[in-house]
Amino acid sequence: MRKNNYMTVSKQVLIVIIALISNVLSAQHQTITSKSSSDFWKNVQFGGGIGLGFGSGYTNISLAPSAIYNFNEYVALGLGAQYTYAKQQNYYASHLYGGSIIGLFNPLPQVQLSAELEELRVNINLDGSNSNSQDYWNTGLFLGAGYRSGNVTMGARYNVLNDNNNIYGSAFMPFVRVYF
C-alpha cells in the first residue's frame, strides 16, 4: 500500500508542478506578445564598414556589415560579418572571412567603450607555389574606446590576443564605427 500511496502523491505533485510551469509560461507569453514586434526593431541599428585600398600592385577590398541591439542608452550588443580580399601582385592573394560579437558601453553620451571578439578564417595563396599556401583561423579580442557624435564613433582599439602570427600589422588600430 505504501508504494501505491507514494506513486499517487508523486503524480499529484508532478501535475501541480506542470500546471504552475504552464501558467507561468502562459503569462510570459502574453506579456511578450502584448508588446509590439516593432518595439524590437526600434532598438536595432545596422551599420558596418567598407574598405578599398589600391596602390603599386596592391589591392585590398573589405566589406564588414553589422547590427547591434540597444538594450538601453548605455549598453548594446551585436553581431558582425567580415570579408576581405587582399592581393600583392606577383607575391600572394588572400581571402579572410568570419564573424564577430561586439559589446558597446556608453558611460557618457560622447564616450563609447567596446569589446569585440573576432574569428576569421585566413586563406593565403602564395603566387607560383601551391605548397606554400596557408589556411588557418585567427582570433582577435579587441578592447576599444572612442568619441561618439550621433551615429558615428571614432576611436582606437587594441587586440589583447596579438602575437607574431597575427594577420594585422599592429595590435593597436584606429576605427570609425557607423550605425543607422
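Closer than 21 Å to residue 51 by Cβ and in contact with a strand residue (DSSP E or B) (Cβ under 9 Å, 6 or more places away or on another chain): which single residue out of 77, 126, 96 fits that description?
It is 96.
Could you tell me which of the residues 138, 125 is of a type outside the set (A, V, I, L, M, F, W, C), in contact with a helix residue (DSSP H, G or I) (Cβ under 9 Å, 6 or more places away or on another chain) and assigned to a strand (DSSP E or B)? Break it down stepwise before answering.
Working: 138 fails: in contact with a helix residue (DSSP H, G or I) (Cβ under 9 Å, 6 or more places away or on another chain).
Of 138, 125, the one residue that is of a type outside the set (A, V, I, L, M, F, W, C), in contact with a helix residue (DSSP H, G or I) (Cβ under 9 Å, 6 or more places away or on another chain) and assigned to a strand (DSSP E or B) is 125.
Of the numbered conditions (1) surrounded by 15 or more Cβ atoms within 10 Å (Cβ to Cβ); (2) without any contact (Cβ under 8 Å) to a residue 12 or more places away in the chain, residue 108 fails exactly one; give the number of that condition.
(1)
Going by what's in this entry, would residue 168 be described as without any contact (Cβ under 8 Å) to a residue 40 or more places away in the chain, of a type in the set (Phe, Trp, Tyr) and either loosely packed, with under 12 Cβ neighbours inside 10 Å or not assigned by TED's automatic domain parsing to the domain that holds residue 64 (or both)? Walk me through how you get there before you give the answer.
On the way: without any contact (Cβ under 8 Å) to a residue 40 or more places away in the chain: yes; of a type in the set (Phe, Trp, Tyr): yes; either loosely packed, with under 12 Cβ neighbours inside 10 Å or not assigned by TED's automatic domain parsing to the domain that holds residue 64 (or both): no.
So residue 168 fails the test.
How many of the residues in the stretch 68-101 are out of contact with any helix residue (DSSP H, G or I) (no Cβ under 9 Å at 6 or more places or on another chain), surrounded by fewer than 17 Cβ atoms within 10 Å (Cβ to Cβ) and within 25 Å of residue 179 (Cβ to Cβ)?
So the count comes out to 13.
Residue-by-condition table, conditions (1) in a strand (DSSP E or B); (2) among the acidic types (Asp, Glu); (3) touching a Ser or Thr at 6+ places or on another chain (Cβ under 8 Å):
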residue	(1), (2), (3)
59	yes, no, no
67	yes, no, no
72	no, no, no
78	yes, no, yes
93	yes, no, no
96	yes, no, yes
102	yes, no, yes
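The values are calculated or read from the model by the stated rules, or taken from the named source; none is laboratory data. This structure is a prediction, so every number in the text was calculated from the model and none was measured. Cβ: placed from backbone, ideal geometry, glycine included. Neighbour counts: every protein chain shown.
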